[in-house]
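Report on the structure given below.
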């Protein structure tokens with residue numbers, strides 16, 4: 001890396017707004033991670049302790065209750081990812097761009 005890039009990185013890292021941004025971003029990331037972890041652990045506990053219930057067929061067919069719940073869990077993870085990306089694009093990215101622009105000036 002060049003000295004100019006090193007100076008920019010140091011200026012951004014020392015900016016109080018950048019520190020607040022990374023703290024807020026980490027808080028949201030940990031919260032979403034806890035939510036998805038709880039959802040997957042809940043499903044795992046259902047598999048471990050409620051097999052007969054999960055094995056019941058849906059509507060008299062061959063698909064068990066566990067399949068739609070598992071698909072719903074995957075869709076829930078995709079939804080949470082999309083919500084985080086939308087939030088990051090609307091809030092984190094503009095703030096970071098402003099911090100970098102200030103550091104370059």
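Values in this text are rule-based calculations from the coordinates and carry no lab data. The structure displayed is predicted, hence computed values, not measured ones. Every residue, glycine as well, gets a Cβ built from its backbone with ideal geometry; the counts of neighbours run over all protein chains shown.
Using only Cα atoms, tell me the angle between helix 16-49 and the longest principal axis of the chain; keep it within 0 to 90° and round to the nearest 10.
So the inclination is approximately 10 degrees.
Taking the Cβ of each residue in 21, 80, 45 as the centre, tally the other Cβ atoms inside 10 Å and list the residues starting with the fewest.
The fewest-first ordering by Cβ neighbours comes to 45, 80, 21.
Which one is right for this structure if semi-axes √(5λ) of the Cα gyration tensor in Å is calculated from it: [x] 42, 13, 13; [y] 19, 18, 13; [z] 46, 13, 10?
Of the listed options [x] 42, 13, 13; [y] 19, 18, 13; [z] 46, 13, 10, [z] comes from this structure.
If I model a spin label as a point 7 Å beyond the Cα along the Cα-Cβ vector, how far apart are those points for residue 36 and residue 7 in nm?
Computed distance between label sites residue 36 and residue 7 equals 4.0 nm.
Counting each pair of different Cα atoms once, what's the Kirkwood radius of the range 9-70 in Å, rounded to one decimal? Write down the numbers at each step before the final one.
Details: mean 1/r = 0.0673 Å⁻¹.
Value: 14.9 Å, from the Cα pair sum.
How high is the relative contact order of the range 3-104, in percent, counting Cα pairs under 8 Å that sit 6 or more residues apart? Intermediate results must be reported in sequence, preceding the final value.
Numbers: 38 pairs, mean separation 41.8, N = 102.
RCO, the range 3-104: 41 percent.
Can you give the helix-only mean residue ellipticity at 222 nm for the chain, where every DSSP H stretch with n ≥ 4 adds -39500 (n - 2.57) and the sum goes over all residues, rounded to the nearest 500 deg cm²/dmol?
Mean residue ellipticity at 222 nm (helix-derived): -27000 deg cm²/dmol.
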